[in-house]
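> Below is a structure I'd like to ask you about.
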Amino acid sequence: MSPGPVQVGAVSNRRPGSGRSAPMSSPPGRRARLWSSGTSRSAPEAREELRRRLLGLIEGNRVMIFSKSYCPHSTRVKELFSSLGVECNILELDQVDDGASVQEVLSEITNQRTVPNIFVNKVHMGGCDRTFQAHQSGLLQKLLQEDSAYDYDLIVIGGGSGGLACAQEAAILGKKVMVLDFVVPSPQGTSWGLGGTCVNVGCVPKKLMHQAALLGQALSDSRKFGWEYNQQVKHNWETMTEAIQNHIGSLNWSYRLSLREKAVAYVNSYGEFVEHHKIKATNRKGQETCYTAAKFVIATGERPRYLGIQGDKEYCITSDDLFSLPYCPGKTLVVGASYVALECAGFLAGLGLDVTVMVRSVLLRGFDQEMAERVGSYMEQHGVKFLRKFIPVMVQQLEKGSPGKLKVVAKSTEGPETVEGMYNTVLLAIGRDSSTRKIGLEKIGVKINEKNGKIPVNDMEQTNVPYVYAIGDILEGKLELTPVAIQAGKLLARRLFGGRLEKCDYINVPTTVFTPLEYGCCGLSEEKAIDEYKKENLEVYHTLFWPLEWTVAGRDNNTCYAKIICNKLDNNLVIGFHILGPNAGEITQGFAAAMKCGLTKQLLDDTIGIHPTCGEILTTLEITKSSGLDISQKGC
């Protein structure tokens with residue numbers, strides 16, 4: 001079949017030239033048929049035109065069934081709609097030329113390769129079983145309502161980076177969109193404005209406080225470069241936090257302005273599903289308003305986890321509270337070994353505070369463990385104390401104040417030993433929980449992982465309820481990174497409302513841990529690479545290096561480190577990239593693009609480095625781990 005004009009009319013239930021008949025006990029609905037207009041086109045143009053025409057059928061019909069006349073499952077679905085008195089449009093793929101091409105394009109659009117393939121009011125229902133399940137649950141009847149019965153085309157629950165990206169993209173595509181966003185205050189009473197975790201209590205303030213700590217190191221280095229100053233240099237916590245909060249406030253305002261410019265309705269209320277396609281929004285005063293929408297996107301993100309011990313919520317803080325803390329935290333115990341824990345411990349120590357990190361097991365779980373231990377070693381050499389294999393069992397307030405004084409009792413994970421310590425502040429950074437349990441998902445049947453609250457989705461970010469989608473940190477098995485949520489949100493909106501097919505690529509996503517010595521990575525850790533490809537099929541190239549900026553300042557030689565992991569069975573394709581050094585994030589971003597393009601060790605060798613930079617070290621890697629040769633550096 002070559003694509004041509006869409007015609008709607010009667011189609012025989014018998015396939016031309018075929019002896020098979022199509023059992024159709026229900027009255028035939030209107031039949032949609034695609035056939036060739038005789039226009040010659042190139043294959044890519046023809047395929048794109050076919051895709052547009054299929055999307056036109058989906059968009060233009062209340063019920064659209066892609067079927068095969070002899071398929072018993074298709075017949076069951078047709079009979080169901082007939083029994084409901086619902087008119088449906090049917091395209092019998094076995095009765096049109098080149099129906100296989102139609103089915104192939106449909107599989108790209110829906111990720112479903114079988115028939116029947118059913119759409120109700122532009123929502124992909126799926127096949128026979130899912131349609132009957134939706135009928136039994138009442139969802140099908142709800143979907144059969146006309147779109148005009150809904151207040152909005154799309155409601156996004158959560159005003160973080162991913163939710164805002166999705167909402168604005170949908171609005172650009174001409175849809176009526178609402179964003180519901182409400183920050184439940186932390187146990188310490190902290191809340192914030194529009195923009196989600198990253199902007200308010202995550203990436204943005206974290207990077208700025210990291211920068212504040214780096215400036216302290218730069219001041220120390222500057223004397224070696226000839227800068228002379230006699231006055232005592234000290235850090236003012238209040239000045240820093242005020243400046244950072246002012247910047248965050250400007251970002252909050254810019255997000256609200258952007259939503260207004262795109263005619264996205266912003267409601268500062270807590271969203272909770274009450275029935276299919278209907279959500280209740282409760283504002284700070286407890287006033288409730290209900291809204292309906294054809295589609296929903298859940299983008300509620302995560303919040304810090306607590307220990308569940310005596311005194312944790314009463315006296316401890318989390319990253320929700322730290323960045324707007326109105327006083328210097330003083331002597332601080334950081335509980336946890338996540339990237340949040342190590343980043344916060346790093347910049348607090350860099351600002352001159354006494355910092356201890358209490359670690360239950362390993363540093364930076366999920367990251368390359370060699371790199372994680374190098375991160376920890378550097379922090380320990382620069383003043384951060386580590387208390388390993390201990391967990392807190394009680395936090396007691398000894399004195400009130402700003403900061404006050406707390407006693408922490410901790411127990412060994414390897415025996416009966418307990419320790420006590422006195423601190424001004426206890427910062428919990430032991431992980432985060434998905435904000436999915438109190439938004440009424442059970443009322444509409446959206447499945448979650450009961451253990452962690454994560455939402456399973458297919459590769460289209462679609463939940464088990466066809467009109468409900470999810471993006472961001474709440475997705476099961478996906479990366480918890482702001483740029484990932486933004487990309488997924490934009491692409492989801494384009495698929496739902498713009499006729500696009502591109503899906504979010506969760507492979508080879510770069511990230512950086514902003515510890516005092518930054519750690520950037522992309523691709524597989526060495527442990528995961530060995531699990532996946534076996535050690536004998538890998539070659540690991542590595543080296544220590546000494547940034548030129550550190551030489552005159554007399555800073556640590558042979559501390560910065562880089563390695564790449566190559567698959568020997570695939571032309572030494574780089575499957576893991578890791579660097580520990582200054583500006584690791586900036587370096588990693590560029591190499592991540594190269595990895596997307598299929599970076600190999602030979603391509604790295606063929607690349608001429610920029611001298612003198614830290615990034616150039618990746619273009620001169622010669623020593624393999626398997627060789628056992630010394631990787632120490634003696635000069636630039």
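The values are calculated or read from the model by the stated rules, or taken from the named source; none is laboratory data. Model, not experiment: these values are computed from the prediction. Every residue, glycine among them, receives a Cβ derived from its backbone with ideal geometry; neighbour counts consider all protein chains shown. Note: areas computed on protein heavy atoms with side chains; ligands, DNA, RNA excluded. Shrake-Rupley method; radii C 1.70, N 1.55, O 1.52, S 1.80 Å.
> Please work out which one of (1) assigned by the TED database to the domain that holds V177; (2) without any contact (Cβ under 8 Å) to a residue 40 or more places away in the chain is the condition L492 fails and give its number.
Among (1) assigned by the TED database to the domain that holds V177; (2) without any contact (Cβ under 8 Å) to a residue 40 or more places away in the chain, the lone unmet condition for L492 is (2).
> Let me ask something else. Among the residues of segment 408-433, write down those that are small (G, A, S) and either in the same structural domain as E272 (by the TED database) or within 30 Å of Y327 (Cβ to Cβ) (or both).
Residues of segment 408-433 small (G, A, S): 410, 412, 415, 421, 429, 431.
Passing the criteria: A410, G421, A429, G431.
> Same structure again: Taking the options G193, G158, G189, name whichever one is in the same structural domain as I474 (by the TED database), of a type outside the set (A, V, I, L, M, F, W, C), within 23 Å of I439 (Cα to Cα) and within 19 Å of the chain's Cα centre (by Cα).
Values: G193 fails: within 19 Å of the chain's Cα centre (by Cα); G189 fails: within 19 Å of the chain's Cα centre (by Cα).
Only one candidate passes the filter, namely G158.
> Additional query: Looking only at residues that are open to solvent by 10 Å² or more (accessible area, probe 1.4 Å) and of a type in the set (G, A, S) in segment 554-585, which one is nearest to G523 (Cα to Cα)?
Within segment 554-585, the match that is nearest to G523 (Cα to Cα) is G585.
> Just checking, which of K503, K490 is part of a helix (DSSP H, G or I), farther than 30 Å from D312 by Cα and open to solvent by 30 Å² or more (accessible area, probe 1.4 Å)? Write out each step before concluding.
Details: K503 fails: part of a helix (DSSP H, G or I).
Unique residue meeting the criteria: K490.
> Right, here's the next one. Across segment 570-584, what is the total count of residues that are in contact (Cβ under 8 Å) with a residue 60 or more places away in the chain and part of a loop (DSSP other than H, G, I, E, B)?
3
> Quick one: count up the residues across segment 128-151 that are surrounded by fewer than 21 Cβ atoms within 10 Å (Cβ to Cβ) and either out of contact with any His (no Cβ under 7 Å at 6 or more places or on another chain) or polar (S, T, N, Q) (or both).
15
> Among E380, E414, E373, which is the only one that is open to solvent by 40 Å² or more (accessible area, probe 1.4 Å), without any contact (Cβ under 8 Å) to a residue 24 or more places away in the chain and either over 30 Å from K234 (Cα atoms) or touching a helix residue (DSSP H, G or I) at 6+ places or on another chain (Cβ under 9 Å) (or both)?
Exactly one of E380, E414, E373 is open to solvent by 40 Å² or more (accessible area, probe 1.4 Å), without any contact (Cβ under 8 Å) to a residue 24 or more places away in the chain and either over 30 Å from K234 (Cα atoms) or touching a helix residue (DSSP H, G or I) at 6+ places or on another chain (Cβ under 9 Å) (or both), namely E373.
> Also, I was wondering about something else. Please tell me if A294 is under 28 Å from A485 (Cβ atoms), modelled with pLDDT under 95 and not aromatic (F, W, Y).
On the way: under 28 Å from A485 (Cβ atoms): yes; modelled with pLDDT under 95: yes; not aromatic (F, W, Y): yes.
So A294 passes the test.
> If you check every pair at least six apart or on different chains, which have Cβ atoms under 9 Å apart with a residue in segment 155-180 that is in contact (Cβ under 8 Å) with a residue 60 or more places away in the chain and farther than 17 Å from H277 by Cα first and a residue that is among the aromatic types (F, W, Y) and buried (at least 24 other Cβ atoms within 10 Å of the Cβ) second?
Qualifying pairs under 9 Å: C166/Y469.
> Inside segment 540-553, can you point out the residues that are assigned to a helix (DSSP H, G or I) and either of a type outside the set (S, T, Y) or open to solvent by less than 30 Å² (accessible area, probe 1.4 Å) (or both)?
L548, E549, W550, V552, A553, listed by residue number.
> While we're looking at this one, here's another question. Is it true that some residue in segment 328-335 is touching a residue at least 60 places away in the same chain (Cβ under 8 Å) and touching a Gly at 6+ places or on another chain (Cβ under 7 Å)? Show your work before the answer.
The first filter runs over segment 328-335 and keeps only residues touching a residue at least 60 places away in the same chain (Cβ under 8 Å), leaving 328-335.
Filter once more, so that each one left must be touching a Gly at 6+ places or on another chain (Cβ under 7 Å): 333.
Within segment 328-335, one or more residues are touching a residue at least 60 places away in the same chain (Cβ under 8 Å) and touching a Gly at 6+ places or on another chain (Cβ under 7 Å).
> Scan R62, R130 and give me the residue that is modelled with pLDDT of 90 or more and basic (K, R).
R130
> Ok, one more. What's the total number of residues in segment 196-226 that are part of a helix (DSSP H, G or I) and over 22 Å from the mean Cα position of the chain (by Cα)? Write out each step before concluding.
Kept after step one, since they are part of a helix (DSSP H, G or I), are these residues of segment 196-226: 196-201, 203-225.
Still in the running and over 22 Å from the mean Cα position of the chain (by Cα): 209-225.
Counting residues in segment 196-226 that are part of a helix (DSSP H, G or I) and over 22 Å from the mean Cα position of the chain (by Cα) gives 17.
> Say whether the condition of being of a type in the set (G, A, S) and surrounded by fewer than 19 Cβ atoms within 10 Å (Cβ to Cβ) is met by at least one residue in segment 475-483.
Keep residues of segment 475-483 that are of a type in the set (G, A, S), which gives 477.
Next, from what is left, pick out any that are surrounded by fewer than 19 Cβ atoms within 10 Å (Cβ to Cβ): 477.
So far as segment 475-483 goes, yes, one or more of its residues are of a type in the set (G, A, S) and surrounded by fewer than 19 Cβ atoms within 10 Å (Cβ to Cβ).
> Another question about this same structure. Quick check, is K454 open to solvent by less than 30 Å² (accessible area, probe 1.4 Å), without any contact (Cβ under 8 Å) to a residue 24 or more places away in the chain and within 31 Å of the chain's Cα centre (by Cα)?
Values: open to solvent by less than 30 Å² (accessible area, probe 1.4 Å): yes; without any contact (Cβ under 8 Å) to a residue 24 or more places away in the chain: yes; within 31 Å of the chain's Cα centre (by Cα): yes.
Answer is yes for this residue.
> Then there is this: Answer yes if at least one residue in segment 509-522 is free of Cβ contacts under 8 Å to residues at least 24 places away in the same chain and either not basic (K, R) or not in a loop (DSSP other than H, G, I, E, B) (or both), and no otherwise.
Filtering segment 509-522 down to residues free of Cβ contacts under 8 Å to residues at least 24 places away in the same chain leaves none.
No, segment 509-522 contains no residue that is free of Cβ contacts under 8 Å to residues at least 24 places away in the same chain and either not basic (K, R) or not in a loop (DSSP other than H, G, I, E, B) (or both).
> Any chance you could count how many residues in segment 258-295 are touching a helix residue (DSSP H, G or I) at 6+ places or on another chain (Cβ under 6 Å), assigned to a strand (DSSP E or B) and open to solvent by 40 Å² or more (accessible area, probe 1.4 Å)?
1
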